[in-house]
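Below is one structure, written out as structure tokens, with a few remarks after it.
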Amino acid sequence: MSDEVLVKVRDLKMHFQVGRGLSLSKARVRAVDGVSFDIYRGETLGLVGESGCGKSTLGRTILGLYRASGGSVSFGDVDVLSRRGRAMKELRRKMQLIFQDPSASLNSRRTVGQILLEPFIIHGIGTKAERAAAVAELVERVGLSSWHLSRYPHEMSGGQKQRVGIARALALRPGFIVCDEAVSALDVSIQAQIINLLEDLQSDYGLTYLFISHNLSVVHHVSDRVGVMYLGKIVELGSHEDIYRRAFHPYSKALLAAVPVADPERRPEGRMLLAGDVPSPIAPPGGCRFHTRCPSAMEACARIEPELRDLGGGHLVACHLSDEKGKGGATQS
Ligand code: SF4
């Protein structure tokens, strides 16, 4: 991981209008609601949170797959959200997505060879022979054999299909990949193989990952830094150690407490378990969005929204308890 910021996200918002056609209401789902953070070149930034917290929407909005409701995303010195048409197509070569469900993301009527040729054809890259050579190299690099090229997705296992999805994302040699629950649909033993593959590819090609998952154990294994998301906001962001050893935000602590422990004797005492459901993103609670479920909530929490503050060394937390303990610092620029 370098000190160079590759992806800069500032005050990003993605709101979806509720309803369809003439029945469109004024209500909006605030899936992503003012998110700011940096991703450094060569790192893996993990992004965790419960289902529906907006983490997948955030990943897709960063890639420009949704038209953001506000804010900005920079990839190097390129303003991602202002790009359209040919300029956006060019940028897509450098920013790719690995989907959660390989069965749904691969065209079932095309062979693996055809699927992997597609990116080269769409972007007009190489001669026929060069494309064939590139595809042969890709399948080998992701641990498949040349005979897989004539197979259809339904003839392959979940792990093999995800390897095809990774090869497709890798085809145009991107610098940045959003892995959206990339191993969540796979068996545990296969998850480990795919994670090892992603790590090997990262060191071989200098890739930068945004690794989105609801599974804290998986994120623990792959991430250099981790962001915790709740109801459209980042509530804590820090190094691997900041989150897994020194988590400050009550929500982060609750998520960590919910990770299953094989040996009940080693289960931490007094662990906090989350009660209730995540509130609706159409009408999120005022003040701190977590105050309706937070065991440490104070009177001010329902009125005043906490800002992300640096506890030191880039450990950012959005919680009034950080003010109380006198650890407040500068807010993120
Ligand atoms: Fe809990 Fe208040 Fe901190 Fe929100 S700001 S996490 S409600 S203590």
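Please give the contour-minus-distance gain from D101 to Q17: 0.36 nm per residue of separation, less the Cα-Cα distance, rounded to one decimal in nm.
Difference between extended and current length: 27.6 nm.
Where in the chain are the DSSP H helices whose alpha-carbon span along the long axis reaches 15 Å or more and whose Kyte-Doolittle mean is at least -0.5?
Details: long enough: 112-122 (16 Å, 1.74); 128-141 (20 Å, -0.16); 158-170 (18 Å, -0.38); 188-205 (26 Å, 0.19).
Within the chain the helices that satisfy the rule are 112-122, 128-141, 158-170, 188-205.
What part of the accessible area of the stretch 183-320, given as a whole %, is carbon or sulfur when the probe is 1.4 angstrom?
Carbon and sulfur atoms account for 50 percent of the accessible area of the stretch 183-320.
Starting from the amide H of M229, placed 1.01 Å from N in the peptide plane, find each other amide H under 5 Å away whose residue is 5 or more places distant or on another chain.
For M229, the qualifying residues are V48, G49, V235.
May I ask you to order 144-150, 170-176, 160-166 by the average number of other C-beta atoms within 10 Å around their residues, highest value first?
160-166, 170-176, 144-150
Within 10 Å, count the other beta carbons around each residue, average over each peptide in 181-192, 238-249, 128-139, and list them highest first.
238-249, 181-192, 128-139
Could you list which residues have their amide H under 5 Å from that of V178, counting only those 5 or more apart in sequence or on another chain, with H placed in the peptide plane?
Q96, L97, I98, L210
Along the principal axes of its C-alpha atoms, what lengths does the chain span, in descending order and rounded to whole Å?
Computed over the chain, the largest-to-smallest principal extents equal 67, 54, 43 Å.
Can you give me the long-range amide H partners of R151? Hydrogens built in the peptide plane at 1.01 Å from N, cutoff under 5 Å, separation of 5 or more residues or another chain.
The answer is V112, G113.
Given the chain, what percent of its DSSP beta bridges are antiparallel, to the nearest 5? Don't skip to the answer; put the middle values down first.
Numbers: 28 of 45 bridges.
If we restrict to bridges inside the chain, about 60 percent are antiparallel.
Label K8 and S184 with points 7 Å out from Cα along Cα→Cβ: what is the distance between them in nm?
3.0 nm
The values are calculated or read from the model by the stated rules, or taken from the named source; none is laboratory data. Everything quoted here is computed from the prediction, not taken from an experiment. Glycine gets a Cβ as well: all are built from the backbone with ideal geometry, and neighbour counts include every protein chain shown. Heads up: the accessible areas ignore ligands, DNA and RNA and are worked out on the full protein's heavy atoms, side chains in. Shrake-Rupley method; radii C 1.70, N 1.55, O 1.52, S 1.80 Å.
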